[in-house]
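Visitor: Once you've had a glance at the structure underneath, I'll fire off some questions.
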């Protein structure tokens, strides 16, 4: 049998080969970028939360909520405290930290409300920003074990928990 050798066989030109290699590299880089960007979350787009260490004061008269971590941008006027009874009704309607002063804590017996909140906000460093080390003091008499606290920024709940201990 006679083998026929063709002389017109030619490979792809070097220019076309280079263009194909660059195109394949660009497509692979784009696929890799899409895969990796799906794994990474952009800064600031994650949920905001305040780290809270709840405890009872040494004399037993207050619940103490100490902030262990705070997202940036929280102000005392925009951060709010709500307290809910164990039955689910609101005991202390949403109150800005800036209003939770020792003057509004109330002395003696009073029902929690706008002028007698039985809760106070104490800053580690005085200013208009909420910071690490700040505390919220809540009366154990007005808000007994089983009540729930919620700290919000007006749009989402940053921390919540049950008063116990």
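Visitor: How do the pairs read when you match residues in segment 116-144 that are without any contact (Cβ under 8 Å) to a residue 12 or more places away in the chain with residues anywhere that are surrounded by 21 or more Cβ atoms within 10 Å (Cβ to Cβ), using Cβ under 9 Å and keeping only pairs 6 or more apart or on different chains?
Guide: 124/67; 124/134; 125/134
Visitor: Which condition number in (1) assigned by TED's automatic domain parsing to the domain that holds residue 158; (2) modelled with pLDDT of 85 or more; (3) over 29 Å from the mean Cα position of the chain (by Cα); (4) not in a loop (DSSP other than H, G, I, E, B) is the one that residue 19 fails?
Guide: Only one criterion in (1) assigned by TED's automatic domain parsing to the domain that holds residue 158; (2) modelled with pLDDT of 85 or more; (3) over 29 Å from the mean Cα position of the chain (by Cα); (4) not in a loop (DSSP other than H, G, I, E, B) is unmet by residue 19, namely (1).
Visitor: Same structure again: Can you name every residue in segment 142-165 that is part of a strand (DSSP E or B) and more than 11 Å from the chain's Cα centre (by Cα)? Even if it seems obvious, please write down each step before you answer.
Guide: First, pick out the residues of segment 142-165 that are part of a strand (DSSP E or B): 148-152, 157-162.
Of everything in segment 142-165, those that are part of a strand (DSSP E or B) and more than 11 Å from the chain's Cα centre (by Cα) turn out to be 148, 149, 150, 160, 161, 162.
Visitor: Starting from segment 95-113, take each residue that is in the same structural domain as residue 136 (by TED's automatic domain parsing) and on the phi > 0 side of the Ramachandran plot and list its partners that are surrounded by 14 or more Cβ atoms within 10 Å (Cβ to Cβ) and modelled with pLDDT of 70 or more, counting only C-beta distances under 6 angstrom and pairs at least six apart or across chains.
Guide: Correct list of pairs: 106/118.
Visitor: Here's a check for you: in segment 34-73, which residue that is at pLDDT 90 or above and surrounded by fewer than 14 Cβ atoms within 10 Å (Cβ to Cβ) is farthest from the chain's Cα centre (by Cα)?
Guide: Among those residues, the one meeting the criterion is 55.
The values are calculated or read from the model by the stated rules, or taken from the named source; none is laboratory data. Remember, it's a predicted structure, so these values are computed and weren't measured experimentally. Glycine gets a Cβ as well: all are built from the backbone with ideal geometry, and neighbour counts include every protein chain shown.
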